[in-house]
Amino acid sequence: MSASKKVNIHDSWYEVLASEFEQPYFSVIKQFLIKEKKAGKTIYPSGSLIFNAFNSTPFDEVKVVILGQDPYHGPNQAMGLSFSVPKGMPKPPSLENIYKEIHDDIGISMSSSGDLQAWADQGVLLLNAGLTVEAHKANSHKDIGWHKFTDAVIRKLSSEREGIIFLLWGGFAKKKASLIDQTKHHVLTSGHPSPLSANRGYWFGNQHFSKTNELLKQQGKTPINWKA
């Protein structure tokens, strides 16, 4: 690890992404966030949780990637893990539909908690394409540089690892398939679990959770216990 490490991110990721942290665009991200906070704007998640997905799932332990678009923008929701909310918080509609599909797919009755930390601990990288958002303004930070950073994350996983299962839900996530070497990795796509997509028949029945575990078993890896 570099002695000059200035980003609160797991050492394994810092080493892989060191060149990104030195890029001008990353300085732009940092300066933008500093400026917004000085202006009194509320940014989610809190600074200590911006890289929570990376701190929870080290680079060499990633088995599955679930890609979201950006953090939840309501109070006390965002925790730096895509689709996840802290214990005690109501589950957002997309997460409710994820739980319903898990139940229909593999018969697990999910807990009342929407905290997906247990998935991250097992090697599921819960990655949002954007890592911050302004309160009550969905996708408000989509143009500040985060997408360039997380595209680099996906490329690094694609080039330096093998056998990862990427779950790409919805049109935005599906576009990231072009960053993945599908001769080395598995890409499963479906509609988004949001009510708008799910109620049109684009989400339910995708069986991504059983399919993921079958692919892991074929590689001799431990399946994910999806019971959150």
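The values are calculated or read from the model by the stated rules, or taken from the named source; none is laboratory data. From a predicted model like this one, the values you see are computed outputs, not experimental measurements. In this analysis, Cβ positions are derived from the backbone assuming ideal geometry, glycine residues included, and neighbour counts consider all displayed protein chains. Calculation scope for accessible area: heavy atoms of the full protein, side chains included, ligands and nucleic acids excluded. Shrake-Rupley method; radii C 1.70, N 1.55, O 1.52, S 1.80 Å.
Assorted remarks:
- FRET efficiency for the residue 175 to residue 134 pair, using the beta carbon distance and R₀ = 22 Å, is estimated at 0.40.
- Karplus 3J(HN,Hα) series, Hz, for the stretch 58-63 with 6.51 cos²θ - 1.76 cosθ + 1.60 (x for Gly, Pro): x, 3, 6, 9, 5, 10
- Gain upon complete extension [residue 194, residue 37; 0.36 nm per residue less C-alpha separation]: 53.5 nm
- Each part reduced to its alpha carbon centroid, the stretch 130-178 and the stretch 51-120 end up 15 Å apart.
- Rounded to the nearest 500, the helix-only mean residue ellipticity at 222 nm of the chain stands at -10500 deg cm²/dmol, with each DSSP H run of n ≥ 4 adding -39,500 (n - 2.57).
- Label sites at residue 111 and residue 221, each approximated as a point 7 angstrom past Cα along Cα to Cβ, lie 2.3 nm apart.
- Which of 79, 89 is most accessible, then next, and so on - probe 1.4 Å: 89, 79
- The charge dipole of the chain, taken about its Cα centre with unit charges on the Cβ atoms of Lys, Arg (+1), Asp and Glu (-1) only, comes to about 460 debye.
- Along the chain, longest interval not containing exposed GluC sites (Glu not before Pro), exposed being DSSP loop plus at most 13 other Cβ atoms within 10 Å: 23-161
- Lysine pairs in the stretch 53-161 with Cα atoms under 30 Å, if 8 or more residues apart or on separate chains: 19
- Using a probe of 1.4 Å, the accessible surface attributed to residue 105 totals some 30 Å² when neighbouring protein chains are kept in position.
- Within the assembled protein chains, the solvent-accessible surface assigned to residue 10 is about 60 Å², based on a 1.4 Å probe.
- Cα-based shape type of the stretch 107-191, given that a ≥ b ≥ c are square roots of the gyration tensor eigenvalues and the cut on a/c is 1.5: oblate
- Summarising the label geometry, the points placed 7 Å from Cα in the beta-carbon direction at residue 100 and residue 87 lie 2.7 nm from one another.
- Residue 42 contributes an accessible area of around 70 Å² to the protein surface, as traced by a 1.4 Å probe with all chains present.
- Helix runs (DSSP H) in the chain reaching 30 Å along axis by Cα, Kyte-Doolittle at least 1.6: none
- Label-to-label distance for residue 25 and residue 142 is 1.6 nm, based on points extended 7 Å past Cα in the beta-carbon direction.
- Subtracting the Cα-Cα distance of residue 11 and residue 159 from 0.36 nm times their residue separation leaves 51.4 nm of extension gain.
- Cα gyration tensor shape for the chain, rounded if a/c is under 1.5, else prolate or oblate: oblate
- Among 129, 120, 18, residue whose mean-square fluctuation peaks in a GNM of the chain (springs only between Cα atoms under 10 Å): 18
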